[in-house]
1. Can you give me the long-range amide H partners of residue 26? Hydrogens built in the peptide plane at 1.01 Å from N, cutoff under 5 Å, separation of 5 or more residues or another chain.
2. Okay, helix-only estimate at 222 nm for the chain: each DSSP H run of n ≥ 4 adds -39500 (n - 2.57), divide by all residues, round to 500 deg cm²/dmol; what do you get?
3. Which of rounded, prolate, oblate describes region 16-148, given a ≥ b ≥ c as roots of the alpha-carbon gyration tensor eigenvalues and a/c under 1.5 marking rounded, otherwise prolate only if a/b is larger than b/c?
4. For residue 155 and residue 277, calculate 0.36 nm times their separation in residues minus their Cα-Cα distance, and state this gained length in nm to one decimal.
5. Amide H to amide H under 5 Å from residue 78: which residues, 5+ apart in sequence or cross-chain, H placed 1.01 Å off N in plane?
6. Quick one: Karplus J couplings for region 251-258, per residue in order, coefficients 6.51, -1.76, 1.60, θ = phi - 60°, nearest Hz, x for Gly and Pro?
7. What is the sum of charges around residue 201, taking Lys and Arg as +1, Asp and Glu as -1, for the other residues whose C-beta is under 12 Å from the C-beta of residue 201?
8. Residue 39: net charge of surrounding residues, Cβ under 12 Å, Lys/Arg +1, Asp/Glu -1, itself excluded?
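Throughout, read-outs are computed from the coordinates displayed, never taken from laboratory work. Quick caveat, the model's predicted, so the values are computed rather than measured. Neighbour counts run over all protein chains shown; Cβ positions are idealised from the backbone, glycine included.
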Amino acid sequence: MHERQSFMQTFNVPQLFAKDVNFLATLDNDLGIKFYNNSENVRKANVVLDQNLIVFVLEGEKVIYHASKKFSIRPYEGAFLRKGQYLMSENPLTNHQYEAIFFFFKDEVAAQHISQGNSDDAEATSLSFLKGNPLIKAYLNALKNYPSEVNSSKDGQLLRLKFAELFYLLQKSNPRLGHQLLQRNQTNEVELFKLMQTTLTENLTLEQYAFLAGTSVSTFKRRFIEQFEQSPRSWITEKRLEIAAQILSKTNASVGEIGDMVGYENTSHFIKMFRLKFGFSPQQFRLNRKE
């Protein structure tokens, strides 16, 4: 983990897309659809969502990091993200193109179009994976001509109808979605232990940890030391190296692969830190365990 602080650009959406010709929104801005494409890799961009978001990938891969969860979505898979702060990566993959459709909406829009259903075992969450199916795929493909054929100022009712259709199709394949959409966050304070569990093996800066926690860097460090009785750097290093030692003992993965698994992009740095903690290089550690 790097503690050096630097300028960190943050993207506020959907405001970022307000004047984009590929962004369609109702006049009251309570819902909007953004048709997005990109041909370059984006690594862990800081994104603040001022509205709830349902995103479906059409080409490539999207990786989403939240304080409590992370996962990736591929073509015709989706995610529900409650308004808040996220890190997001975009990978064009084989076709050298990343393409997605973003559906932004306020809480009131969801309440108008969904039923809560059976919520006995449904978890209120800020980030949920959404399964796709042939009906959703057909729905998404049918929207591709909207930027050129639909006018935001004149076709607001059409956009509302398309949102109603989306919610219906999603509930059909994701029965818990209604409950998750209707729930509100009970607290704005992020649980640090869950955040660290979720992101432990990611190569994040201290600024990025603080961003996901919704705090300043100084507040994050203070809260962290109060809870863990260690600095973020020392705690993360210790836990990563403990995981690396377990992997070395149980697998034949290369040292470089293991370093990457636990968040070290530089193999030489991984070996150096491992030797400082255990007194042996990773390879020597493995050989000693086999004797």
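1. Hits under the 5 Å cutoff: 31.
2. Calculated at 222 nm, the ellipticity per residue is -12000 deg cm²/dmol.
3. rounded
4. 37.6 nm is the gain from fully extending residue 155 to residue 277.
5. Those qualifying (amide H under 5 Å, at least 5 residues apart or on another chain) are 130, 132.
6. Taking θ as phi minus 60°, the curve returns 9, 9, 4, 5, 4, x, 5, 5 Hz for region 251-258.
7. That sum, taken over residues with Cβ under 12 Å, equals -1.
8. -4
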